[in-house]
1. Please label the shape of segment 127-250 as rounded, prolate or oblate, based on the square roots a ≥ b ≥ c of the eigenvalues of the alpha-carbon gyration tensor (a/c under 1.5 means rounded; beyond that, a/b larger than b/c means prolate, else oblate).
2. Taking only Cα atoms, what is the 0 to 90° angle, nearest 10, from helix 198-210's long axis to the longest principal axis of the chain?
3. Grab the alpha carbons of segment 76-196, take their convex hull, and tell me the volume per residue in Å³.
4. What spacing in nm lies between the two simple spin-label points modelled at Glu155 and Ser88, each 7 Å away from Cα in the Cβ direction?
5. Could you list Asp90, Asp144 so that the one with the fewest beta carbons within 10 Å of its beta carbon is first and the one with the most is last?
6. Semi-axes of segment 174-213's equivalent ellipsoid from the Cα gyration tensor, sqrt of 5 times each eigenvalue, largest first, rounded to whole Å?
7. About the Cα centre, and with charges only on the beta carbon of Lys, Arg (+1) and Asp, Glu (-1), how big is the dipole of the chain? Nearest 20 debye, please.
8. Using alpha-carbon positions, what is the distance between the centroids of segment 235-302 and segment 51-106, in Å?
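What follows draws every value from the coordinates through simple rules; no lab data is involved. Not measured: the values here are computed from a predicted model. Glycine also receives a Cβ, built like all others from the backbone with ideal geometry; neighbour counts cover every protein chain displayed.
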Amino acid sequence: MTSETITAEIAGTWNLGDLPVNRVGFGAMRLTGSAAFHLGTPSDRERSIAVLRKAAQLGVNHIDTAAFYFSSLRSANELINSALAPYSDDLVIVTKVGPYRDCQGEWSTPARPDQLRGQVEENLRQLGRDHLDVVNLRRTAGQDSITEHFGALAELREAGLIRHLGISAVGPAHLAEALAIAPVVCVQNRYAIDRPDPVDDEMLRLCGERGIAFVPFFAVAGAGGPRGATEDHDDAVLAVAREHGASPAQVRLAWTLHQGPHVLAIPGTGNPDHLVENVAAGALRFTEDELARLNGGRTEPG
């Protein structure tokens, strides 16, 4: 593939509410350092800004971020503001609230419902916006119900601070809770070719039935998660990559997009070359045989 000539439009579009986005987006987490958040060496500021501007040039109009994406020297929101403001009319910035880190970067008790307005306002300030396009409520481990938290965000939506709402790290019961309160435009869960999970497979199906975007995170990273992209690829992934002249990471992304027209990809990188490759993955088309081979490597977790 001649990756430099491929733009994000190649994978098609989906609507987040009334906001159309290209299905290949960009995750901003890795802009703050070589690993997640405060881990690793802070990224080069100019390189991160260049990656964001390159993403826009390649037609990426869906950026995923959060106020808690920061390292000792870098804030993802501030980088987005510096690189892309004034924002183009078609750019959709999706952020998330719920988890909380103090100014030293340490994780604190997740926000109470009455603290979510402060998190929303912090995202507004850092991004230089008067409203947020989409806000995901990120459920924290052990949080059985999201009703109070999602209800608080629904009030901020009514107040005009938020345009659309989503949820993250959730199961079917949480989706039902949220839908009883306000419309949900996206569900963001961890999902990858090498991490089969019956709950997430069910969420993928439910979102498709309801016209809700399903947005996997760590689709490329797999088991590496916040530490970075995995190098442990299934034989089928390696074989299909060779057949298409693509990288294993591109095959992983393309497989993700093949799970349904409502599936969006948000691969993150601070490397401009990897950015070009990630966007180009949207051009890969698999045969039924290739998909069967790739799905055959999805062994159930032991």
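1. Here segment 127-250 falls in the prolate category.
2. The two axes meet at around 80 degrees.
3. 137
4. Result: 3.8 nm between the two label points.
5. Final ranking by Cβ density, sparse to dense: Asp144, Asp90.
6. Those come to 20, 10, 9 Å.
7. Details: 27 positive and 38 negative charges, 103 e Å.
My answer is approximately 500 debye.
8. Each part reduced to its Cα centre gives a spacing of 25 Å.
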